[in-house]
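So the structure is just underneath, and the comments pick up after that.
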Amino acid sequence: MSAGASIASGLGLLAAFALFGGIFTRRARLLVRLIRMGRPSGIERADDVPDRLRQEAVVVLGQRKLFQKLVPGLMHAFIFWGFMVLLPTIVIAMIGIVDRDSTLPWLGHQGWFALLVDVFVVLVLVGVAIALYIRKVVKPNRFEGSHLGEADLILAWITGIVTTLLLWHAARIALGLNEYDAGWAPLANALSGIFGDGDVTEALERVLVWAHLLLILGFLAYLPHSKHLHIFTAAVNVYFARTRARGRLEPLRFDEDVPEEEMRFGIGTVEDLTWKQMVDSMSCTECGRCQEVCPAWATGKTLSPKLVIMGVRDHLFAEGPLALAARESGEAYDGPPVAATDDLEAMAWDCVTCGACVRECPVNIEHVDHILDLRRHLVMVESRFPSEAEPMLRDVERQSNPWGNPQAERAAWADGLGVRVLQPGEPAPEVLYWVGCAASFDERARTSAQSTAKLLQAAGVDFAILGPREACNGDPARRMGNEYVFQAYAQQNVETLDDAGVRKIVASCPHCFNTLANEYPDFGGNYEVVHHTEMLAELVREGRLAPAATEQTITYHDSCYLARHNDVLDQPRELAAAVGRPIEMERSGKRTFCCGAGGAHMWMEERAKPINEERVREAAATGAETLAVACPFCTVMLDDGVQSTGADMRVADVATLLAEAVEASTADASANGRPRPAAQPPDDGEAER
Ligand code: SF4
Ligand code: SF4
């Protein structure tokens, strides 16, 4: 290649860089300015570096979440890994443009690298073919609402990039320009046969390398303007995703030392978005995996977590630049509320905060934080919420429980059981049993509290309840969006627990469990909190409870706040296995399907199909006789579902099943003259009820 041609090519390359780099930089600058405008996320996101690096390795490089669906996972992995491997070829192409006879030192001379390029070009093309097949033939519902035209353009672009690369390599082999044995690149070598070795091939070699590079530069410039922006932001989003306490909500700060202008009441306008919420929205690939697992979407509600994130992104890109401009000119930004975009307000009320979307999302987007922040603003600033939730909020505020029952009746479930009610000034028990409002006041849920108390007594555990001093933990108000009420209860309950000298708590309700374990530390309440299934499983393992197994078939329903938000999966199953023959439902463990009560939906009207009926039908399909639960809300919702669907199943808490099995074993042992298998109930009558 002549010196003149090299100089001309170099100048051409610089011009291309200037053009595409300029387009890219302009957009990237806007994105960075938007993110810098974002509010603090409220959650520590720079800690746990080893965990964060592990997430990068597993979720980004290993594509683990994408492999939850094998074929689409392979499709994405082929394209992603292909581009990782092909990255150095961009530099090789640039060198080749300036000087056809040169290449990247060392790597450009390696036969094995030529082989890798050959292999990964094919894998990328296979990935593109699978993607087209999924989109054009299979057409899964999860793509409903996604920008599919844009996705097709991207696929065409990727095809162009790898095809020009392959043909360029073939032309170089035809011209004898390859720096390695042509046998290392079997596909390019085979294709080299379509080229001659004359001037036309020399010209085609130039056309191909330029086409390849211009396609790449154009692609890079286009990406930040498209939904494929996630190529730049996904790794960042995964790195800063939560590493702990997935069920915890960021507390809003109302303390006096927070300047008024820094107070935040959820998401009102674009200026209220946190930087993490902005990066979340920029990272959405529109894959629809969140939508596919969302119980609200599955039952015909307005809500799709994908559309929520896309709505936030649309709003951010429409209003963000205006807010930035207003700030720069020193004016106050007075734009429309985020909730007014694309039905976001209606969607926010459909959410049961089950977290299925968050778990499924391949780029670790935290949808629940967006939805709860939308609710917070609607409730606390605009006083707008579904009217049927009003009595619940009022009862929580006035009566300390969402059932509206007098606090004096809180321990009525324990009448005659000999349960100690901890009085002020008394020594703290080894374990405080936090009963929760549902098990205290709802007839069906009470059975689980009674069973738990009997089992703790039978195992000789030193426990007590707070009785009327236990108040609502605040979760229903918080998940509804009323942070004021939640924080008032958090402070009150922490004070009560601390005054009582409580160290260890066992909770029956997964919502109480999540709040006490993950959210009360934000208010100074630090306790060892276990769920009743964890404690009961331990007592069975230690031989302090000896259930008699039966032949009953049991399918266990994982509560979202136990399994998905808090990783309690094995212990309830251990208990189910100890008392009967377990059968798993199709959606179980961390991929469980909500009962429909979370996110304060216990007190809201269901629009469209009921979620609890959908879940009961799935449970009934297993053929199990018993539908076991470990949550009082699930008990009520699924029992309602059994009644409305006519399913032939009994709904019971695993504690109740265990208590029955322990009683059966005890009766059996007595009948056979054997000693009781478990320890005797505690003998401390004085403070007992
Ligand atoms: S938390 Fe559950 S209900 Fe809410 S958007 Fe996500 S999947 Fe849907
Ligand atoms: S939020 Fe996550 S799961 Fe949902 S569409 Fe976007 S990338 Fe996919």
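The values are calculated or read from the model by the stated rules, or taken from the named source; none is laboratory data. No experiment lies behind these values; they were computed from the predicted model shown. When we count neighbours, we look across all protein chains shown, and the Cβ atoms used for this are built from the backbone with ideal geometry, even at glycine. Remember, those area values only see protein heavy atoms, side chains included, never the ligands or the DNA or RNA. Shrake-Rupley method; radii C 1.70, N 1.55, O 1.52, S 1.80 Å.
Of the peptides 57-65, 559-567, the ranking by mean beta-carbon count within 10 Å, highest at the top, reads 559-567, 57-65. For the chain, what does the helix formula give at 222 nm: sum of -39500 (n - 2.57) over DSSP H segments with n ≥ 4, over the residue count, nearest 500 deg cm²/dmol? Calculated at 222 nm, the ellipticity per residue is -16000 deg cm²/dmol.
Put simply, the amide H of Ala411, placed in the peptide plane, has no neighbours under 5 Å, leaving out anything fewer than 5 places away on its chain. If you take all C-alpha pairs in the chain, what percent of them are over 36 Å apart? Tail fraction, whole percent: 50. DSSP beta bridges confined to the chain are antiparallel in about 5 percent of cases. Among residues other than Glu443 whose Cβ falls under 15 Å from its Cβ, what is the net charge (Lys/Arg +1, Asp/Glu -1)? Here the count lands on -3. For segment 231-357, the fraction of alpha-carbon pairs lying more than 20 Å apart is 53 percent, rounded to a whole number.
Residues whose amide H lies under 5 Å from that of His531, counting only those 5 or more places away or on a different chain, are Ala507; hydrogens are built 1.01 Å from N in the peptide plane. Surface composition of the chain: carbon and sulfur make up 57 percent of the accessible area, probe 1.4 Å.
Put simply, when 86-98, 25-37 are sorted by average Cβ atoms within 10 angstrom per residue, most first, you get 86-98, 25-37. Once the convex hull of all Cα atoms in segment 482-546 is built, its volume per residue stands at 83 Å³. Electrostatic tally near Gly311: other residues with Cβ closer than 9 Å to its Cβ, Lys and Arg +1, Asp and Glu -1, net -2. For the chain, the solvent-accessible area works out to 40 Å² per residue, with a probe of 1.4 Å and every protein chain left in place.
Contact order for the chain, expressed relative to its length and based on alpha carbon pairs under 8 Å spaced 6+ residues apart, stands at 12 percent.
Projecting the Cα atoms of Ala549, Ala624, Val654 onto the charge dipole of segment 539-688, computed from C-beta unit charges around the Cα centre, puts Ala624 farthest toward the positive end.
Name the shape class, rounded, prolate or oblate, that the alpha-carbon gyration tensor gives for segment 21-71, where a ≥ b ≥ c are the square roots of its eigenvalues, rounded holds for a/c under 1.5, and otherwise prolate holds if a/b is larger than b/c and oblate otherwise. Oblate shape, in that a/c is at least 1.5 and b/c is the bigger or equal ratio.
Pairs of Cα atoms nearer than 8 Å and 6+ residues apart set the relative contact order; for segment 539-688 it is 30 percent. The GluC sites (Glu not before Pro) of segment 176-257 that meet both conditions, a loop assignment by DSSP and at most 10 other Cβ atoms within 10 Å of the site Cβ, are Glu256.
Placing unit charges on the Cβ atoms only, positive for Lys and Arg and negative for Asp and Glu, gives the chain a dipole magnitude near 1720 debye about its Cα centre. Sorted from longest to shortest, the spans of the Cα atoms of segment 1-156 along the three principal axes equal 56, 41, 36 Å. Proximity of backbone amide H atoms, modeled 1.01 Å from N, is registered between Thr274 and Arg39 at under 5 Å, excluding neighbours fewer than 5 places apart on the same chain.
Once divided by 2.2 N^0.38 Å, the Cα radius of gyration of segment 539-688 becomes 1.16. Between Lys139 and Asp99, the simple label model (points 7 Å from Cα in the Cβ direction) yields a spacing of 5.5 nm.
Would you work out which of His315, Ser304, Trp349 lies farthest towards the positive end of the dipole of segment 258-350, given +1 charges on the beta-carbon of Lys and Arg and -1 on that of Asp and Glu, about the Cα centre? Positive-most Cα among the choices belongs to Ser304. For segment 114-125, 3J(HN,Hα) computed residue by residue from phi via the Karplus equation (6.51, -1.76, 1.60; θ = phi - 60°) reads 4, 5, 4, 4, 4, 5, 6, 4, 5, 4, 4, 5 Hz, glycine and proline entered as x. Taking the Cα centre of segment 171-287 as origin and assigning +1 to Lys and Arg Cβ atoms and -1 to Asp and Glu Cβ atoms, the resulting dipole is close to 500 debye. Overall dimensions of segment 161-291, expressed as equivalent-ellipsoid semi-axes from the Cα gyration tensor (√(5λ), whole Å, largest first), are 54, 16, 11. Reported value for segment 387-455: 101 Å³ per residue, from the convex hull of its C-alpha atoms. Size of segment 400-517: Rg and Dmax of its alpha carbons, in Å, are 13.5, 41. Within the shell of other residues whose beta carbon sits under 15 angstrom from the beta carbon of Trp210, the net charge comes to 0, with Lys and Arg scored +1 and Asp and Glu -1.
Size check on segment 82-222: the Cα extents along the three principal axes, sorted descending, read 50, 29, 28 Å.
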